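Report on the following structure.
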Amino acid sequence: MFPIYQVDAFTTELFRGNPAAVCPTDTWLSDDVMQHIAAENNLSETAFVVPDESGEADFGLRWFTPKAEVDLCGHATLATAWVIFNELNWDKDLVTFSGRSGVLSVARGEKDLLSMDFPVCTLKPAPHPAELDRALGGRALDYCVASNDMRLAVLGSVEAVQNLKPHLGMVAQMGDHGLVVTAKGAGDVDFVSRFFAPQLGITEDPVTGAAHTVLVPYWARRLKKDTFKARQISKRGGEVLCQLEGDRVKLSGRAVLYMKGEVYI
């Protein structure tokens, strides 16, 4: 038996942002058990966190979708840090995690703001595949493939992103890590996005931290700046504050606890 928490990340309101499950344990569960728990939770991500014995970081961290383990997840990292700071009585303002993407850190700031330090992804412009046109129901303005195999498509307006009804069968044929669709923002929002990854068991992810490791370098080049206010305009929606610092990006947001309980295994 061990505790489980469900936290809404990148929001200050319940039932918005992106829900993630967080499972703190003393040692790693088996891969099969972690995958079964993630499938049972049926959230876009379930995070498993254990004390790190290597000395490399404070904790080890792994992320599972209902179908597979992934190399990086932003909103579940934010949720895990929230649990450590608020439920596990961590007495420092910085917590570090070791995982598939190296050592990540999350800092606690004013008014409950949590700031994650992640590696950025490199981008390469790519020919528009036929699957992309069919997935979007039309032509994208720009298309890139990221170093994490995520695909990025740029549309002409906020409304085009908001109203998009992608063909998920075609999205599933475009790499292993999903498609992020984006456009330049309006008002005080620099850019908007949505993210689809049916190949990972995620029809549409509400707010995707990992996608912003792709979005930030793209919009930094386009907008000639390194600080952004971003909004993911899914049905639940969420806001991500972003800052590019060389080959790292800081992604900041807030989180709220929805539920806590116990897993009987």
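The values are calculated or read from the model by the stated rules, or taken from the named source; none is laboratory data. The structure displayed is predicted, hence computed values, not measured ones. In this analysis, Cβ positions are derived from the backbone assuming ideal geometry, glycine residues included, and neighbour counts consider all displayed protein chains.
Observations, loosely collected:
- Taking the listed residues Lys235, Lys225, Lys250, Lys260, the one that is part of a strand (DSSP E or B) and either farther than 30 Å from Phe2 by Cα or under 15 Å from the mean Cα position of the chain (by Cα) (or both) is Lys250, with no other qualifying.
- The stretch 80-102, subset of a type in the set (Phe, Trp, Tyr) and outside any strand (DSSP E or B), residue nearest to Glu56 (Cα to Cα): Trp90
- Taken over the stretch 96-116, the criterion of being touching a Lys or Arg at 6+ places or on another chain (Cβ under 8 Å) and within 18 Å of Ser54 (Cβ to Cβ) is satisfied by Gly99, Arg100.
- Of the set (1) surrounded by fewer than 20 Cβ atoms within 10 Å (Cβ to Cβ); (2) more than 14 Å from Cys121 (Cα to Cα); (3) not assigned by TED's automatic domain parsing to the domain that holds Val83, all apply to Ala220 but (2).
- Residue match in the stretch 122-134 (condition: over 25 Å from Thr12 (Cα atoms), among the basic types (Lys, Arg) and in contact with a His (Cβ under 6 Å, 6 or more places away or on another chain)): yes
- So Val207, is it touching a residue at least 24 places away in the same chain (Cβ under 8 Å), buried (at least 21 other Cβ atoms within 10 Å of the Cβ) and not in a strand (DSSP E or B): yes
- For the stretch 80-122, the set of residues classified as polar (S, T, N, Q) and either at pLDDT 95 or above or surrounded by fewer than 16 Cβ atoms within 10 Å (Cβ to Cβ) (or both) consists of Thr80, Asn86, Asn89, Thr96, Ser98, Ser105, Ser115, Thr122, listed by residue number.
- Of all residues in the stretch 160-190, those being surrounded by fewer than 15 Cβ atoms within 10 Å (Cβ to Cβ) and of a type in the set (Gly, Ala, Ser) number 3.
- Per the listing Val145, Val158, Val154, the residue uniquely touching a Ser or Thr at 6+ places or on another chain (Cβ under 6 Å) and over 29 Å from Thr96 (Cβ atoms) is Val154.
- Conditions (1) crowded, with 19+ Cβ neighbours inside 10 Å; (2) among the polar types (S, T, N, Q); (3) in a loop (DSSP other than H, G, I, E, B): number failed by Thr77: (3)
- Take the conditions (1) part of a helix (DSSP H, G or I); (2) within 20 Å of the chain's Cα centre (by Cα); Ser105 misses just one of them, which is (1).
- Filtered by the rule that a residue be more than 16 Å from Val106 (Cα to Cα) and polar (S, T, N, Q), the stretch 232-265 gives Gln232, Ser234.
- When residues of the stretch 123-159 are limited to those that are assigned to a helix (DSSP H, G or I) and in contact (Cβ under 8 Å) with a residue 12 or more places away in the chain, the one surrounded by the most Cβ atoms within 10 Å (Cβ to Cβ): Ala135
- Top-ranked residue in the stretch 1-52 [being of a type in the set (Asp, Glu) and free of Cβ contacts under 8 Å to residues at least 40 places away in the same chain; ranked as surrounded by the most Cβ atoms within 10 Å (Cβ to Cβ)]: Glu45
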